[in-house]
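For reference, the structure discussed in these notes is given below.
Nothing in this text is a laboratory measurement; each read-out follows from the coordinates by a stated rule. All values derive from a computational prediction rather than experimental measurement. Cβ coordinates were reconstructed from backbone atoms using ideal geometry, including for glycine residues, and neighbour counts include every protein chain displayed.
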């Protein structure tokens with residue numbers, strides 16, 4: 001059977017867009033162009049490298065080689081460029097420069113030099129405002145991103161009024177990020193200008209005037225991402241009125257809304273949660289004020305737009321606040337059937353287990369900060385309920401392990417009572433617990449990510465379990481598996497991949513961050529494995545880039561389209 005050219009070019013396009021660096025591209029195309037004149041004439045020009053390739057000055061020879069090859073065979077590709085590179089080095093790529101990153105100052109020559117430039121991302125610091133941003137135009141076909149930052153040694157700086165006005169009123173920027181900034185009241189125009197260009201707003205550690213915040217959001221209907229982290233209003237103004245104003249905005253494409261602030265009233269929060277037209281919502285408040293316990297208990301959340309939600313711990317401030325110590329939004333969420341992904345904290349697993357059957361579409365549970373005992377039975381219950389749509393269980397690693405810390409364990413006995421789980425990420429497993437999960441050969445579990453505690457387990461047994469597992473395609477194990485230098489990591493990779501023909505991705509790494517010794521024998525064995533194992537697509541091995549043999553191994557992987 002002869003495959004059509006478009007199918008062959010599609011396969012080739014997939015291969016070239018795995019690791020996106022010049023060495024990999026040159027390896028692939030240098031071989032493909034030798035297949036036949038027909039391939040060079042008909043197939044290679046059909047291949048596109050749409051993903052952005054980043055250039056560094058250290059790769060000057062490779063850059064020139066790639067430019068010549070791409071021009072010869074008419075290969076489409078795009079470049080993401082950092083302006084500090086020497087213009088002479090970049091010159092062969094001028095017509096392929098698509099994006100400029102971390103630009104400190106606008107120069108008209110950019111658009112003259114790079115004819116196909118489509119995106120410029122500015123990083124402007126408060127102590128260097130000589131940036132020529134007033135020269136920007138909204139009709140030049142370029143997408144502009146603005147990040148305004150304050151140097152750490154300064155603390156907070158005020159966003160200049162001319163920049164604020166250009167963000168709000170000139171339809172120039174697609175994205176705006178501000179860090180450690182005070183944003184004053186904007187001088188409003190009599191007729192507000194609708195900003196159809198802005199799609200992303202990120203404010204971190206910002207004090208902002210209420211009218212400015214609301215004006216910025218009210219006049220940008222196409223926002224996709226709103227991220228307000230550690231945001232307060234100037235002059236100590238309460239956030240409540242702003243929340244209600246935000247809730248009334250009719251966003252057309254809002255996907256993610258994130259808000260982390262000091263305090264707000266429960267009525268304003270509930271109004272916002274019921275009104276915001278976003279798919280993914282997170283709200284975090286250090287303090288939630290209320291007037292009466294009934295006011296909280298009788299509140300309802302009934303927003304069917306929300307499909308991804310973070311259930312944070314709620315800290316109430318008001319009369320008889322102790323009566324609300326166990327209150328969570330699970331209790332007043334009217335219809336949970338639309339929730340697809342949830343993140344829960346601390347001791348909320350019993351609430352998840354109680355409400356799980358109401359979350360008929362739930363696909364992913366992300367669990368963080370398990371800090372006390374008594375959660376294991378609820379975790380087991382969640383798995384054993386065997387909900388058909390629940391495919392992913394992710395347990396975040398604990399950052400603060402203290403005397404009350406109690407880890408969660410997923411045993412093979414519990415896992416086998418569920419027929420639908422496809423991905424599990426879990427931490428602080430013992431050697432025996434990990435062996436149990438590998439040996440149970442769960443039919444639907446295809447991805448397993450786990451960290452191990454230090455151990456002196458039988459590494460031969462560990463390797464054998466992975467060799468014989470025929471269900472897991474993605475395996476990532478970090479930690480005690482190779483601690484104390486009891487086993488060479490490269491021996492494990494070679495022995496596993498010589499036998500296993502199911503794994504597409506394998507990652508094994510030590511928590512000591514030491515690079516195991518790579519020998520010529522290991523390298524030769526990897527060459528044989530790659531020639532015989534057509535399934536493996538990604539191998540993560542800790543390597544030392546300054547080591548010649550490690551660099552040679554990386555080249556071998558890239559040559560055969562194996563990611564690291």
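Structural remarks
- Burial ordering of 237, 463, fewest other beta-carbon atoms within 10 Å first: 237, 463
- Quotient of C-alpha Rg and 2.2 N^0.38 Å, computed over the stretch 422-564: 0.99
- Order by protection proxy (mean Cβ within 10 Å, highest first), peptides 331-344, 107-120: 331-344, 107-120
- When the inverse distances between all different Cα atoms of the stretch 206-335 are averaged and flipped, the Kirkwood radius reads 15.1 angstrom.
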